[in-house]
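Report on the structure given below.
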Amino acid sequence: MVTRDTRSDVAQLLLDIRNSTARTGGITALTDPNTELFSFQNTGGQSRFFPTVRFDLNVTSKHKIENVWNYQEIHRCVDF
């Protein structure tokens, strides 16, 4: 059921979205009145880190100890 409060919540959400687009980028009206084009440029890249560790221990039946370590760093620039 749609109530007056629900409509005002949706209206406030749409207003917040519109206000957030005013800080960066630009809005272009299209021929379809239901759609607009928002264009922006990312400001920076990303850094991602992937540490992986494995440790096995079966100290009996012929003594088994195993350790595997892998660490990956990925630094990417903005992709245009």
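What does the helix-only formula give at 222 nm for the chain: each DSSP H stretch with n ≥ 4 adding -39500 (n - 2.57), the total divided by the residues, and the result rounded to the nearest 500 deg cm²/dmol?
-7500 deg cm²/dmol
Set the Förster radius R0 to 22 Å, insert the Cβ-Cβ distance between Thr31 and Ala11 as r into 1/(1 + (r/R0)^6), and round the FRET efficiency to 0.05.
Efficiency at R0 = 22 Å is approximately 0.30.
Of all alpha-carbon pairs in the chain, indicate the percentage at a distance above 22 angstrom.
Distances greater than 22 Å cover 65 percent of the Cα pairs.
Please name whichever of Leu30, Phe49, Leu15 sits farthest to the positive end of the charge dipole of the range 1-67, dipole taken about the Cα centre and charges placed at Cβ: Lys and Arg +1, Asp and Glu -1.
Phe49
Can you pull the one-decimal nm distance between simple spin-label points at Ser39 and His63, each 7 Å off the Cα toward Cβ?
6.9
Since every read-out is calculated from the coordinates, none of them should be taken as a lab result. All values reported here derive from a predicted model rather than from experimental measurement. Don't worry about glycine lacking a Cβ; one is built from the backbone with ideal geometry, like all the others, and counts go over all protein chains shown.
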